[in-house]
Amino acid sequence: MTATHESLMKVDGRGRLRYTAEQRALLLSAYDASGLSGPKFAALHGVKYRPLLLGETNAPA
């Protein structure tokens, strides 16, 4: 049995990964704790920088 991204993460019609609010919060928490730059963190974790940045600005205070 092989796992695909679709079994772990939701993917929209364009192939973009869709994150739940909980997943986004965990990712932003890890980013804050990492001390890395946004682009470096995104590259290391296989996410795109722009959605990471947008998630940070849309995060609840």
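The values are calculated or read from the model by the stated rules, or taken from the named source; none is laboratory data. Computed from a prediction, not measured in an experiment: that's the story for all the values here. Here the Cβ is made from the backbone with ideal geometry for all residues, glycine too, and neighbour counts use every protein chain on show.
Only residues that are assigned to a loop (DSSP other than H, G, I, E, B) and modelled with pLDDT of 85 or more: list them for segment 1-45, please.
Within segment 1-45, GLY35, LEU36, SER37 qualify.
Residue-by-condition table, conditions (1) among the hydrophobic types (A, V, I, L, M, F, W, C); (2) out of contact with any strand residue (DSSP E or B) (no Cβ under 9 Å at 6 or more places or on another chain); (3) free of Cβ contacts under 8 Å to residues at least 24 places away in the same chain:
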{"site": "GLY15", "(1), (2), (3)": "no, yes, yes"}
{"site": "THR20", "(1), (2), (3)": "no, no, yes"}
{"site": "ALA25", "(1), (2), (3)": "yes, yes, no"}
{"site": "ASP32", "(1), (2), (3)": "no, yes, yes"}
{"site": "LEU36", "(1), (2), (3)": "yes, yes, yes"}
{"site": "PRO39", "(1), (2), (3)": "no, yes, yes"}
{"site": "HIS45", "(1), (2), (3)": "no, yes, yes"}
{"site": "LYS48", "(1), (2), (3)": "no, no, yes"}
{"site": "LEU52", "(1), (2), (3)": "yes, yes, no"}
